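In what follows, a structure is listed as structure tokens, so that the remarks can point back to it.
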Amino acid sequence: MSQGPRSGLAAVSSALLAMSRHLEVRDVLKTIVASARELLDAQYAALGVPDDHGGFAQFVVDGVSDAQWKAIGPLPRQHGILAAMLHEARPERLADVRTDPRFEGWPAAHPELADFLGLPIRDGDEVIGALFLANKNCPKQQGSCGFTQEDEDLLGILAQHAAIALTNARLYERSRELTIAEERSRLAHELHDAVSQKLFSLRLTAQAAAALVDRDPARAKGELHQVAVLAAEAVDELRAAVVELRPAALDEDGLIATLRTQTQVLDRAHTARVTFTGNGFRALPAAQEEALLRVAQEALHNALRHSGAGHVDVSVARRGGGAVLRVTDDGGGFDPQTVRRAGRHLGLVSMRDRASGVGGTLTVESAPGKGTTIELEVPGG
């Protein structure tokens with residue numbers, strides 16, 4: 001008897017730790033469902049997050065194959081037992097869900113469910129989801145439910161922590177959305193300023209060339225050469241803006257592949273040579289990797305648009321349990337103290353904010369005529 005509670009507590013602990021490792025909402029939902037099914041030794045588990053229109057915004061299952069899930073068809077509506085858990089917000093433990101008067105059937109491809117345990121997931125007074133399991137893997141007497149009161153209590157603990165994990169994941173995704181919106185606003189402002197200035201100069205130079213073409217062809221030729229230079233610079237500005245506006249593929253490709261792709265594109269788009277090396281790097285938590293990517297983008301932006309560099313090098317390497325990013329250019333450089341006092345180069349302020357947000361350290365080394373090195377070190381997760 002003493003072994004059971006210890007193993008149960010260990011299983012709950014493992015489930016809670018698994019939930020805390022993820023920040024994306026979909027990953028959190030999958031982990032909750034898989035943890036619940038394993039913890040209570042059930043054949044099937046599911047979790048539904050309701051929308052405001054009588055359906056489910058998200059519905060995750062465990063124990064059903066992809067082929068079965070596809071054959072079942074559209075997501076369920078909020079009806080029957082599911083609706084009871086969402087609207088009455090109370091646990092449901094049934095010996096056979098099919099005999100309950102609220103049961104309204106399921107699609108032909110749906111697996112047969114019998115004994116059933118369901119619980120609402122609540123954030124305060126709000127029901128943010130419904131977690132349920134079916135077909136306990138144990139011998140059952142005729143008419144009895146395989147799920148026990150102890151199972152219900154364990155699932156209740158899991159549901160409480162699932163609410164915290166799901167709320168945190170939603171807040172994280174919301175913060176990312178706000179960050180992306182801020183990045184796009186900044187880039188739009190910079191694009192407007194930079195390209196507008198180039199196009200204005202291009203227009204004036206073209207007008208000057210047109211006025212000179214009859215009376216001073218040699219000067220007109222020089223003005224037309226300047227038109228070509230300004231047009232090329234405007235194209236560079238537009239290409240760089242497109243690269244920065246393109247969503248980073250961190251989730252799919254990882255930091256190293258994402259940085260390598262972006263530096264290759266920038267190398268083709270600019271006259272300066274842009275190189276990248278990544279050595280001994282291992283995956284870090286999403287927040288750290290995003291900070292490294294954004295600081296790299298900001299440093300590249302500064303080097304390619306403002307420093308006059310002929311070569312910019314980006315490197316990422318492992319350092320202890322974390323990583324260090326270094327962006328070095330051979331451009332005109334600047335005096336970091338003067339820049340800080342003058343309150344200019346807001347890119348540096350943004351980079352320092354990103355570094356502090358993940359417990360990292362940003363170092364800026366530069367001097368007039370000696371290029372710039374920006375280094376960000378972040379801890380591991």
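The values are calculated or read from the model by the stated rules, or taken from the named source; none is laboratory data. Remember, predicted model here, so these are calculated numbers, not experimental data. Methodologically, a virtual Cβ is constructed for each residue, glycine included, from the backbone with ideal geometry; neighbour enumeration extends over all protein chains shown. The area values use the complete protein model at the heavy-atom level, side chains included, leaving out ligands, DNA and RNA. Shrake-Rupley method; radii C 1.70, N 1.55, O 1.52, S 1.80 Å.
Residues are listed down the side, and each one gets a yes or a no for (1) at pLDDT 90 or above; (2) more than 35 Å from the chain's Cα centre (by Cα):
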{"position": "56", "(1), (2)": "no, no"}
{"position": "66", "(1), (2)": "no, no"}
{"position": "74", "(1), (2)": "no, no"}
{"position": "88", "(1), (2)": "no, no"}
{"position": "98", "(1), (2)": "yes, yes"}
{"position": "115", "(1), (2)": "yes, yes"}
{"position": "122", "(1), (2)": "no, no"}
{"position": "127", "(1), (2)": "no, no"}
{"position": "131", "(1), (2)": "yes, no"}
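Scan region 104-132 for residues that are among the aromatic types (Phe, Trp, Tyr) and either surrounded by fewer than 14 Cβ atoms within 10 Å (Cβ to Cβ) or out of contact with any helix residue (DSSP H, G or I) (no Cβ under 6 Å at 6 or more places or on another chain) (or both) and jot them down. Quick ask: steps written out before the conclusion?
Within region 104-132, the subset among the aromatic types (Phe, Trp, Tyr) is 106, 116, 132.
Scanning region 104-132 gives 106, 132.
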- First in region 305-327 and among the aromatic types (Phe, Trp, Tyr), second anywhere and in a strand (DSSP E or B), Cβ under 9 Å, 6 or more apart: none
- Query: Does residue 158 count as at pLDDT 80 or above, farther than 26 Å from residue 347 by Cα, surrounded by 16 or more Cβ atoms within 10 Å (Cβ to Cβ) and under 40 Å from the mean Cα position of the chain (by Cα)?
  - Reply: yes
- When both residues are 6+ apart or on different chains and their Cβ atoms are under 9 Å apart, which pairs have a first residue that lies in region 65-79 and is without any contact (Cβ under 8 Å) to a residue 60 or more places away in the chain and on the phi > 0 side of the Ramachandran plot, and a second that is outside any helix (DSSP H, G or I) and surrounded by fewer than 13 Cβ atoms within 10 Å (Cβ to Cβ)? 73/107
- Task: Consider residue 294 carefully, then state whether it is modelled with pLDDT of 85 or more, within 30 Å of residue 27 (Cβ to Cβ), of a type outside the set (Val, Ile, Thr) and open to solvent by 20 Å² or more (accessible area, probe 1.4 Å).
- Result: yes
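When you go through 73, 48, 63 one by one, which is the residue that is open to solvent by less than 70 Å² (accessible area, probe 1.4 Å) and farther than 27 Å from residue 154 by Cα? Before you say what the answer is, go through the steps one by one.
Details: 48 fails: farther than 27 Å from residue 154 by Cα; 63 fails: farther than 27 Å from residue 154 by Cα.
None of the other options fit; the residue is 73.
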- Conditions (1) part of a helix (DSSP H, G or I); (2) farther than 15 Å from residue 129 by Cβ -> residue 83 fails only (2)
